[in-house]
């Protein structure tokens, strides 16, 4: 069994947590929702920092908590990254990393080299925390969490305390972790960009309950309960850079079902990327359009429709090959096109956001 099973109930004044989840045992699972939705409380229950009397937790078949079992935090093979790195000020970076290793037996300790390389902190090892930037401190904090050889990594909004520049500095390192680590990562965030760039699995929470849980692409494409990363609905596609047009500063990315042109951001050909396509940037046409400024025209088939938040709008899910896209239309436009499930239409994508 490779999954994480988590069932918790907590009743506090003004808040109740009630979740029953099965999470994948690999990749990045994002716990996403507004402040107060229960993301951090759930993470703390998994870590054993909060004890739910009505709780159950098993990790790949190994029970950490049930009616008879309670594994305290220090005995759970996990690494925990908080919003603030909270490094020991009197120790160097290397000293902080070695301190983290003290909680595990000497014969179970792994070399620090992988964590140091992944987080790019080799040049920082002899510095003390007061000589580090906010982004550097957080990278050291992540490396310290990895130093304990965890079987699962818990990250509680690790970029929340950083300004935009520092976030952009550290995100590529988090992507390297995503591509390299063979352990599951549970990542708490309310940032749409972080979720879109890092997550494989999405758990959307509200009011202490789970609204939806599933693979990122499938969950974002749901129409029964549209999950919005930010201000709009949309999907995230896994793609590969296939061509670069240096004259016009464009890049063509291929995904299962077609290709899209986007702004060239310098990724080499063959590089895996993620493409976020917002419903507001997608329109539909009954026939192939010529002499248009829209570069991306793809044949598709209507899969489903649902009312949007505004009474005059509708969301249309369109299947393009093995992938799905969402389009937001006025109901008047949908009626003019006679949009119905199973209908073949042309999908027009005005712009896409390419994520490294």
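None of the figures in this text is laboratory data; all of them are computed from the coordinates on show. What you are looking at is a predicted structure, and each value in this text was computed from that prediction instead of being measured. Heads up, the Cβs are rebuilt from the backbone with ideal geometry, glycines too, and the neighbour counts pull from every protein chain shown.
Worth pointing out:
- Relative contact order of the chain, taken over Cα pairs closer than 8 Å and 6 or more residues apart, is 16 percent.
- Helix 164-180 axis, angle to the chain major axis (alpha carbon atoms, nearest 10°): 80
- GNM flexibility winner over the chain from 221, 336, 204 (Cα, springs under 10 Å): 336
- For a label point 7 Å along the Cα-to-beta-carbon line of residue 114, residues of region 168-204 with backbone N under 14 Å: 177-185
- Helix content alone sets the calculated 222 nm mean residue ellipticity of the chain: runs of n ≥ 4 DSSP H residues at -39500 (n - 2.57) each, divided across all residues, give -6000 deg cm²/dmol.
- The distance linking region 86-127 with region 34-76 is 26 Å (Cα centroid to Cα centroid, whole angstrom).
- Measuring r between the beta carbons of residue 88 and residue 240 and using R0 = 35 Å, the FRET efficiency lands at 0.20.
- What the Cβ-Cβ distance of residue 15 and residue 74 gives, at R0 = 25 Å and to the nearest 0.05, is a FRET efficiency of 0.40.
- Among 213, 35, 111, residue whose mean-square fluctuation peaks in a GNM of the chain (springs only between Cα atoms under 10 Å): 111
- Gained length - residue 297 relative to residue 66, 0.36 nm times residue gap less alpha-carbon distance: 77.8 nm
- Beta bridges from DSSP with both residues in region 4-220: antiparallel share about 60 percent, rounded to the nearest 5.
- 19 Å reach of a label modelled at residue 160, 7 Å along Cα-to-Cβ, counting backbone N of region 24-65: 29-51
- Neighbour counts of C-beta atoms inside 10 Å place 56, 8 in the sequence 56, 8, starting with the fewest.
- Net lengthening on full extension, residue 131/residue 290 (0.36 nm per residue, minus Cα-Cα): 51.4 nm
- Acute angle (nearest 10 degrees) that the helix 134-146 long axis makes with the longest principal axis of the chain, alpha-carbon atoms: 70
- Note on 50, 309, 290: ascending count of other Cβ atoms within 10 Å places them as 290, 309, 50, the fewest first.
- Sorted ascending by nearby beta carbons within 10 Å, beginning with the fewest, 173, 99, 80, 187 become 99, 173, 80, 187.
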